[in-house]
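Structure, as structure tokens:
The values are calculated or read from the model by the stated rules, or taken from the named source; none is laboratory data. Bear in mind that the values here come from a model prediction, so they are computed numbers and not experimental data. Every residue, glycine among them, receives a Cβ derived from its backbone with ideal geometry; neighbour counts consider all protein chains shown. Calculation scope for accessible area: heavy atoms of the full protein, side chains included, ligands and nucleic acids excluded. Shrake-Rupley method; radii C 1.70, N 1.55, O 1.52, S 1.80 Å.
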Amino acid sequence: MVVGEVAESLDLLVIGGGPGGYAAALHGARLGRTVTLIEKEHLGGVCLNVGCIPSKALLEVADAAALPGRVADWGVAATTSIDMAQVQNHLQQVVSDLTGGVMQLLSQAGVQVVSGTARFSRPNRVAVEHGDSLSHFEFADVIVATGSRPIDLPDLPVDGQRVVGSAELLFSSELPENLVLVGGGYIGVELATAFAKLGSHVTIVEAEKQLLTGFDKRVARLVARGLEKLGVTLLLNHRAQKLESEGLLVAGPEGSVALPADKICVVVGRRPNSDTVGLREAGVLINSQGLVAVDAQRRAADHIFVIGDLTEGPALAHKATAEAEVAAEVACGGAEVFDPTVIPMIVFSDPQVLSVGVDPSQAKKQGLESFRFPFAASGRARTMGDTEGYVSVVADGAGTVVGVHAVGSHVAELAGEAVLAIEMAATVEDLARTIHAHPTLGESFMEAALGLAGRPVHVSRVSKNEKS
Ligand code: FAD
């Protein structure tokens with residue numbers, strides 16, 4: 001510390017304005033604290049600016065572009081053309097509507113927003129850089145939510161032109177003719193879905209033998225089939241090596257090939273921003289992946305709370321937002337703990353994927369029962385012209401629902417019911433006897449429960465344990 005350096009005293013400081021940070025600031029203000037939020041780029045963080053929101057907006061655009069192909073047999077003939085400049089304007093508008101809303105909420109709650117990059121200089125003090133100026137703040141409590149950044153491949157450095165990250169790809173003003181996505185996790189799969197529907201030739205290069213590592217194999221197979229139907233080339237068990245004059249050199253079990261690529265997007269995972277904010281200097285424990293050790297109350301050290309992508313668990317916006325409330329409550333003297341039974345995971349592919357709790361293959365190993373209700377038997381799926389996929393419900397020995405997994409059109413919208421059922425410890429009978437509106441995809445949830453209860457209606461009776 002420079003002698004004579006004066007630090008402003010703050011009450012509750014929040015670092016990072018993403019879905020973790022801005023929610024923590026709002027809760028802190030609601031609980032009567034004087035809150036200051038420091039954000040180095042844009043309020044809304046990765047999710048609103050370059051992640052969840054623009055990617056889903058682009059997928060909607062892509063669905064609209066692909067509509068003529070989908071409805072050709074329905075007696076509707078249409079053609080579409082894509083104006084990428086207008087698409088970009090649309091995406092920017094969606095983002096700015098939402099980030100503007102966050103700004104307004106923070107302002108109405110009386111949260112002071114400071115622009116700048118914060119770094120711990122001591123456990124109770126940060127230095128904030130903004131342009132040429134440096135300010136210092138001390139705080140009573142801090143909630144750190146600085147999120148994560150993309151992992152780079154040393155031999156394929158992002159240059160922002162030909163080799164890009166997901167943010168640059170989402171906001172590129174030209175549609176690439178040949179797009180290679182390096183990484184077949186959920187971000188790679190969603191981008192592949194969008195760009196294939198918009199008209200790019202898309203290839204996914206994935207080092208593992210399946211897409212969506214960590215998801216059920218059956219799910220990964222259905223998603224792979226969906227991508228192939230869209231014309232996406234899947235190079236599983238392949239590694240991107242380097243860019244050569246003929247294209248991107250990719251190595252697989254049968255040797256190397258050079259893929260034509262006018263755009264290469266590297267989406268091989270994300271790394272927590274614990275180093276860049278100096279959390280080690282603040283005296284907290286950080287593992288080799290950069291994740292910060294926290295207790296059930298999201299406390300990393302005295303008066304230091306850490307949430308969102310910086311901590312263990314799925315790096316998802318809704319996890320960050322849920323942790324934000326716990327951290328803010330505890331910082332304000334509450335006794336909350338972060339102890340969700342399940343955290344839903346969704347892939348906005350085509351078909352979409354919903355994964356909550358114990359999956360059917362884990363269920364089999366644990367001797368639990370599950371029932372799969374196919375959308376081919378759903379009236380609503382028929383009317384939508386999309387009968388691919390299923391809803392699968394897993395129950396434990398006492399008949400309590402412990403898992404819901406679905407693949408199919410619009411299954412992301414079933415997440416709420418699935419999570420609520422598991423959090424409320426609903427039984428198979430609860431679901432089976434809950435009257436669901438007809439015709440809706442949600443009925444499939446009830447139908448799977450009816451199957452599990454041994455009285456299926458729209459599918460034939462089958463023996464127990466991964467039925468149908
Ligand atoms: P972030 O959202 O990363 O926010 C951190 C904020 O901190 C940023 O604004 C950053 O500028 C700021 N910051 C960083 N360092 C400093 C510093 N030193 N000083 C001041 N400010 C700092 N999740 C979902 O749940 N659903 C999805 O559909 C989904 N889709 C995604 C699609 C893509 C393409 C990507 C990349 C991510 C997606 N995610 C999705 C993940 C989601 O965006 C993150 O899990 C979520 O944003 C994490 O929230 P956070 O608050 O922890 O951090």
Practice prompt. For the stretch 163-268, count all C-alpha to C-alpha pairs, find those more than 21 Å apart, and express that count as a whole percent of the total.
Written response: 28 percent
Worksheet item: Roughly how large, in nm² to one decimal, is the mean projection of the convex hull of the alpha-carbon atoms in the stretch 348-468?
Response: 6.5 nm²
Worksheet item: In the full protein assembly as shown, how much of Arg119 is accessible to a 1.4 Å probe, in Å² to the nearest 10?
Response: 100 Å²
Fill in: Dimensionless Rg/Rh of the stretch 1-126 - Kirkwood Rh, Rg from C-alpha atoms
1.21
Practice prompt. Divide, for the stretch 248-338, the radius of gyration over alpha carbons by 2.2 N^0.38 Å, where N is the residue count.
Written response: 1.54
Discussion item. Over 21 Å between Cα atoms: which of Lys197/Lys229; Lys197/Lys263; Lys56/Lys319; Lys56/Lys242; Lys56/Lys217; Lys217/Lys263 fall into that group?
Written reply: Lys56/Lys242; Lys56/Lys217; Lys217/Lys263
Item to complete: Treat every Asp and Glu Cβ in the stretch 163-268 as -1 and every Lys and Arg Cβ as +1, leave all other atoms uncharged, and give the resulting dipole magnitude about the Cα centre to the nearest 20 debye.
Response: 460 debye
Worksheet item: In Å, what is the Rg of the alpha-carbon atoms in the chain, and how long is Dmax?
Response: 23.9, 80
Practice prompt. Please state the charge dipole magnitude for the stretch 340-468, taken about the Cα centre, from unit charges on C-beta atoms (+1 on K and R, -1 on D and E), reported in debye and rounded to the nearest 20.
Written response: 440 debye
Fill in: Solvent exposure, largest accessible area first (probe 1.4 Å, DNA, RNA and ligands not counted), of Lys209, Lys242, Lys197
Lys209, Lys242, Lys197
Worksheet item: In nm, to one decimal, how far is the Glu429 label point from the Glu41 one, both placed 7 Å along Cα→Cβ?
Response: 5.2 nm
Discussion item. At a 10 angstrom cut-off on C-beta neighbours, averaged per residue, how do the peptides 316-326, 159-169, 401-411 rank from highest to lowest?
Written reply: 401-411, 316-326, 159-169
Worksheet item: At a probe radius of 1.4 Å, what is the per-residue accessible area of Lys40, in Å² to the nearest 10?
Response: 120 Å²
Discussion item. For the chain, what does the relative contact order come out to in percent, with C-alpha contacts under 8 Å and a separation of six or more?
Written reply: 14 percent
Response to the item:
Rounded to one decimal in nm, the spacing of the 7 Å Cα→Cβ label points at Ser173 and Gln241 is 3.7 nm
Worksheet item: Which percent, to the nearest 5, of DSSP beta bridges fully inside the chain are antiparallel?
Response: 60 percent
